[in-house]
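Input: a single structure, listed below in C-alpha cells.
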Amino acid sequence: MTWRPGDRPLQNRHATRSTVMAQRGVVATSQPLASAAGLQILMDGGNAVDAAVTAAATLSVVEPTMTGMGGDLFAILHNGQTKKIHALNASGRAPHSASLERLAAAVGPGEPMPESGPLSVSVPGAVDGWQQLLRNHGTISLARALEPAIHYARHGFAVSEIVAYQWKSVEPLLASRPEAATVFLPSGTAPRAGEIFRNPALAKTLEQVASDGIDTFYRGAIAQQIAEEFSRLGGWLVLNDLSEHRSNWVDPIRTTFLGRTVLELPPNTQGMTALQILNLIDTGDLHKLKHNSPTYLHRLIESIRIAFADRAAYLADSEAVPPALLDHLLSADYARRRRDEICPNHAARHYSAWQNDSNTTTTPVAGKGDTVYLAAADETGTVISLIQSLFGAFGSGVVSRNTGLVFQNRASLFSIEPSHPNCLHGGRRPQHTLIPALVLEDQAPVLAFGVMGGDMQAQGHAQVLTNLFAFGMTLQEAGEAARVRWTGSAIAIESGISRRVADTLAGFGHSLSNEQGGFGGFQGVQIDHKGRCAAGRLRPS
C-alpha cells in the first residue's frame, strides 16, 4: 500500500479550505453554478426548499455524469414555519412487468441484473420529487426553479475538472449507445475540462416541463417518447409505469447519538445502516478516543461490518421490511448485544445478520456509486437535506431520442434470489444507497449533510458525525478528514491516516486494500442557535 503523507496543508491536517459562513441563508452543492442558482433564489425572496430544487435541477444539467431528470431523489427537511420534519422518497419502482422469469429469458438463467442498458432502469422519480417539494414546502413555481437549468442546457456551461474526469471514465458506455454518443460525445470523445457543453434537446425537455407541468414527463408527450425508446431497446418500462409513479412522504427513522437526534430515511434507503453504525460505536467513551486511532478505527470498522451484514440481509422496499424488524435493528438493546460480539483488538472472521448464520451476501454490492448531494438553509429556519442520483456514472447509458434524457440504473441493485426481500419484483422499489441526513438538538435542526459514494454513504455519515460531535472538528474539517472504507472484504485507508495506524489494524487481523478513491464526497450546512449558517463544501470522492 502506498501512502502519500503531506497531501494536506500543514496548518490544518483535516481540511483544505475554510468553512463558508452566512447569516441569512446558505446553499451547499458540488458545483458553483448550482450553488449560485440556489443563492439567487434566496436573494429573490425564496426559501431553502425553493433554492434546493433550483440547485438540484441545475446540477442535472451541469453535472450530468452524476444526476439528471432520469434519476431519483430523497430529501428530509425542517419547515421553519410549522417546525415539523418531513421526509420524501422520490425513488422509482421496477416496471410492473419485471420478473425473474423475464430476466432469465433476457439475459440467461442465473445471471444477475444488468448493470447498464434498458433492463437496469427503474421509473425515474426526481422530477416528481421536485414538484412535491415545491408544492408542499416551496414558494416558487417549478417553471421558475427550472430557469437556470434551461439556461445552461441551452447556452452551455464550462465542464469542471471532476466532471470531465468522470465523463472520460465512461466513454466506452456512452460510445456503445448511439443516442448517448450523439448527446454526450458530440465530438466523438468526452468534453475536456473547460470545454463548453450544450444539451439543446434537454433544454427543450426542461422547457416542456416548465410550461406544461410534470404531467408531460409522466403521462404526456415526453412520457410517450420515453416509453417508445424503451420499447425500441427491448426494455420493460412502458407508459403505464410512468403514469402510475408517485413519490411518498414518509416518517424518518432516528437514533440518539452523543446527545443529538440523527434523522435518516427508512427503507428502501440504507438510512437504517447509518443509524446502526452510530448505535454500535456510541459506547459512551467516544470523546476519550483519539481521532483515527487504531482503537477508534477498529471499533468503527467492526460496527460497519455488523451493520452491513444486516443491510445485505434485510434492506429492500419498505413493503418487504416489517416495521417490527426495523425497530428491532435500531434498538439500543440490539446494539448492545451485537456490540458484545466485537473483540477490542481482533477483527472477526465474519459477522452474520440477525437471525442468519449464512455466510453469503445475496444482494448486490453497490460499490462506489455516483451521486450529488446538496443542503440549504434560510433565515426562517427551513433547512433541507437533499440527495439525487443516476447511480452509476451516466446511469444505464440509455438516452431517449430527442429528449437529452439519460436514465438511472437503480434496478441493477435488485437481487435475483427468490427468497430475498430485495428480489426483483414488478412495482417494487430496489434498495437504495442514497441517504440525506438531518441532525436535531432540542428539536431544532443544527446540521443537514450528506456523503456521496454508494456503499460509502452510511460509513461516511458515521465518520462525519463522530468527527463533529466527538472530536470537536469544524464542519469543513469533519467532511475532509481522512476516512476508512469497508469494501466488503477489506479496509481501504485514505492517505491522511498514518502507516503506523494501518499496520496496527493489520495486526488486529484486518485485511487492507490497495484501492484508491471511493471515500465519498461531502456537503453540509450547520446552523447555530443564533441562526447563523455554516456550509462545508465538496471533498474529493
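The values are calculated or read from the model by the stated rules, or taken from the named source; none is laboratory data. Note that the coordinates shown come from a computational prediction; the quantities given were computed from them, not determined experimentally. Neighbour counts run over all protein chains shown; Cβ positions are idealised from the backbone, glycine included.
Annotations
- Ser293 vs. criteria among the small types (Gly, Ala, Ser), more than 24 Å from Ser419 (Cα to Cα) and surrounded by 13 or more Cβ atoms within 10 Å (Cβ to Cβ): yes
- Among residues of the range 72-85, those that are in a strand (DSSP E or B) and surrounded by fewer than 20 Cβ atoms within 10 Å (Cβ to Cβ), counted: 1
- Test result for Pro172, out of contact with any Leu (no Cβ under 8 Å at 6 or more places or on another chain), surrounded by fewer than 17 Cβ atoms within 10 Å (Cβ to Cβ), at pLDDT 95 or above and not in a helix (DSSP H, G or I): no
- Residue list for the range 445-467, filter: of a type in the set (A, V, I, L, M) and either touching a Pro at 6+ places or on another chain (Cβ under 9 Å) or within 16 Å of Leu275 (Cα to Cα) (or both): Leu447, Ala448, Val451, Met456, Ala458, Ala462, Val464, Leu465
- Taken over the range 485-499, the criterion of being touching a Phe, Trp or Tyr at 6+ places or on another chain (Cβ under 8 Å), at pLDDT 90 or above and surrounded by fewer than 19 Cβ atoms within 10 Å (Cβ to Cβ) is satisfied by Gly488, Ser498, Arg499.
- Residue match in the range 52-71 (condition: assigned to a strand (DSSP E or B) and touching a Pro at 6+ places or on another chain (Cβ under 8 Å)): yes
- Candidate set: the range 105-130, residues that are among the aliphatic types (A, V, I, L, M) and free of Cβ contacts under 8 Å to residues at least 40 places away in the same chain; chosen: the one surrounded by the fewest Cβ atoms within 10 Å (Cβ to Cβ): Ala105
- Taking the range 17-32 as the range and being in a loop (DSSP other than H, G, I, E, B), within 17 Å of Ile384 (Cα to Cα) and under 17 Å from the mean Cα position of the chain (by Cα) as the test, the residues that pass are Thr29, Ser30.
Residue-by-condition table, conditions (1) among the aliphatic types (A, V, I, L, M); (2) crowded, with 24+ Cβ neighbours inside 10 Å; (3) in a helix (DSSP H, G or I):
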{"position": "Thr256", "(1), (2), (3)": "no, no, no"}
{"position": "Thr261", "(1), (2), (3)": "no, no, no"}
{"position": "Pro266", "(1), (2), (3)": "no, no, no"}
{"position": "Thr273", "(1), (2), (3)": "no, yes, yes"}
{"position": "Gln276", "(1), (2), (3)": "no, yes, yes"}
{"position": "Leu280", "(1), (2), (3)": "yes, yes, yes"}
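Here is a yes/no grid of residues against (1) farther than 28 Å from Leu278 by Cβ; (2) not in a loop (DSSP other than H, G, I, E, B):
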{"site": "Gly381", "(1), (2)": "no, no"}
{"site": "Ser385", "(1), (2)": "no, yes"}
{"site": "Ser389", "(1), (2)": "no, yes"}
{"site": "Gly395", "(1), (2)": "yes, no"}
{"site": "Gly426", "(1), (2)": "yes, no"}
{"site": "Pro430", "(1), (2)": "no, no"}
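- For Thr189, the stated conditions do not hold, so it cannot be described as surrounded by fewer than 16 Cβ atoms within 10 Å (Cβ to Cβ) and part of a helix (DSSP H, G or I).
Residues are listed down the side, and each one gets a yes or a no for (1) touching a Gly at 6+ places or on another chain (Cβ under 9 Å); (2) of a type outside the set (Val, Ile, Thr):
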site: Asp44; (1), (2): no, yes
site: Leu59; (1), (2): yes, yes
site: Val62; (1), (2): no, no
site: Gly71; (1), (2): yes, yes
site: Asn79; (1), (2): yes, yes
site: Thr82; (1), (2): no, no
site: Ala94; (1), (2): yes, yes
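- Selected residue (criterion: farthest from Asn89 (Cα to Cα)) from residues of the range 231-247 that are out of contact with any strand residue (DSSP E or B) (no Cβ under 8 Å at 6 or more places or on another chain) and among the hydroxyl-bearing types (Ser, Thr, Tyr): Ser231
- Within the range 500-521, if we keep just the residues that are on the phi < 0 side of the Ramachandran plot and at pLDDT below 95, the residue that is surrounded by the most Cβ atoms within 10 Å (Cβ to Cβ) turns out to be Phe519.
- Selected residue (criterion: nearest to the chain's Cα centre (by Cα)) from residues of the range 168-199 that are among the basic types (Lys, Arg) and over 16 Å from Val61 (Cβ atoms): Lys168
- Residues located in the range 349-386, provided they are exposed (fewer than 13 other Cβ atoms within 10 Å of the Cβ) and either closer than 21 Å to Asp455 by Cα or modelled with pLDDT under 50 (or both): Arg349, His350, Asp357, Ser358, Asn359, Thr360
- Residue in the range 445-478 that is surrounded by the fewest Cβ atoms within 10 Å (Cβ to Cβ), counting only those that are more than 21 Å from Ile493 (Cβ to Cβ) and among the aromatic types (Phe, Trp, Tyr): Phe469
- Taking residues in the range 226-242 that are aromatic (Phe, Trp, Tyr), and partners anywhere that are in a helix (DSSP H, G or I) and modelled with pLDDT of 95 or more, the pairs with Cβ atoms closer than 6 Å and at least 6 places apart or on different chains are Phe230/Pro118.
- Residue under evaluation Asp442, criteria (1) surrounded by fewer than 23 Cβ atoms within 10 Å (Cβ to Cβ); (2) touching a residue at least 24 places away in the same chain (Cβ under 8 Å), criterion not met: (2)
This table checks each residue for (1) under 30 Å from Glu417 (Cβ atoms); (2) under 21 Å from the mean Cα position of the chain (by Cα); (3) outside any helix (DSSP H, G or I).
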position: Ala94; (1), (2), (3): yes, yes, yes
position: Ala106; (1), (2), (3): yes, no, no
position: Ser122; (1), (2), (3): yes, yes, yes
position: His151; (1), (2), (3): no, no, no
position: Val163; (1), (2), (3): no, yes, no
position: Gln166; (1), (2), (3): no, yes, no
